[in-house]
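A.B. asks: Would you mind keeping the following structure in view while I ask a few things?
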Amino acid sequence: LPLQGLPVLFKHWLKNEEVEEGRTAVLFCELTKPNAHVEWRKGDTVLQTSDKYEIRQEGTRVELLIYDAEAQDA
């Protein structure tokens with residue numbers, strides 16, 4: 001019988017952020033377990049690191065940077 005650990009939960013929930021067009025938006029959340037798998041999504045699309053997006057994860061903190069933010073990034 002396999003044992004399961006506690007589920008990963010949010011310690012700090014994602015909040016709405018406002019940023020001027022053309023600037024970099026930084027969204028972040030904090031989890032209860034370090035290095036847990038996180039997917040950033042916009043609608044049904046899973047975001048990947050690219051010229052537009054950077055995904056960082058250090059311990060329990062996970063960040064999404066959106067470069068050159070535009071209204072359609074909302």
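The values are calculated or read from the model by the stated rules, or taken from the named source; none is laboratory data. Source: prediction; values computed, not measured. All Cβ positions, glycine included, derive from the backbone under ideal geometry; neighbour counts span all protein chains shown. Just the protein is used for accessible areas: all its heavy atoms, side chains included, with ligands, DNA and RNA removed. Shrake-Rupley method; radii C 1.70, N 1.55, O 1.52, S 1.80 Å.
A.B. asks: State whether one or more residues within the range 1-12 are hydrophobic (A, V, I, L, M, F, W, C), free of Cβ contacts under 8 Å to residues at least 12 places away in the same chain and assigned to a loop (DSSP other than H, G, I, E, B).
C.D. replies: The answer is yes, given that some residue of the range 1-12 is hydrophobic (A, V, I, L, M, F, W, C), free of Cβ contacts under 8 Å to residues at least 12 places away in the same chain and assigned to a loop (DSSP other than H, G, I, E, B).
A.B. asks: For the range 27-46, enumerate the residues that are under 9 Å from the mean Cα position of the chain (by Cα) and not aromatic (Phe, Trp, Tyr).
C.D. replies: Matches in the range 27-46: 27, 29, 38, 39, 41.
A.B. asks: Name the residue that is farthest from residue 59 (Cα to Cα), counting only residues in the range 9-26 that are of a type in the set (Val, Ile, Thr) and over 12 Å from the mean Cα position of the chain (by Cα).
C.D. replies: If we take residues in the range 9-26 being of a type in the set (Val, Ile, Thr) and over 12 Å from the mean Cα position of the chain (by Cα), then 19 is farthest from residue 59 (Cα to Cα).
A.B. asks: Moving on to the next point. Taking the range 23-42, which residues are touching a strand residue (DSSP E or B) at 6+ places or on another chain (Cβ under 7 Å) and either loosely packed, with under 10 Cβ neighbours inside 10 Å or of a type in the set (A, V, I, L, M) (or both)?
C.D. replies: Residues satisfying the conditions are 25, 26, 27, 31, 38, 39.
A.B. asks: In addition: Quick check on the range 27-44. Is at least one of its residues of a type in the set (Phe, Trp, Tyr) and in contact with a Phe, Trp or Tyr (Cβ under 9 Å, 6 or more places away or on another chain)?
C.D. replies: Within the range 27-44 (the criterion being of a type in the set (Phe, Trp, Tyr) and in contact with a Phe, Trp or Tyr (Cβ under 9 Å, 6 or more places away or on another chain)), the answer is yes, since at least one residue qualifies.
A.B. asks: When the range 43-74 is examined, which residues are found to be free of Cβ contacts under 8 Å to residues at least 12 places away in the same chain, surrounded by 12 or more Cβ atoms within 10 Å (Cβ to Cβ) and not in a loop (DSSP other than H, G, I, E, B)?
C.D. replies: Hit for the range 43-74 is 56, nothing else.
A.B. asks: Let me ask something else. Of all residues in the range 1-22, count the ones that are open to solvent by 100 Å² or more (accessible area, probe 1.4 Å), within 24 Å of residue 72 (Cβ to Cβ) and touching an Asp or Glu at 6+ places or on another chain (Cβ under 8 Å).
C.D. replies: Final tally of qualifying residues: 1.
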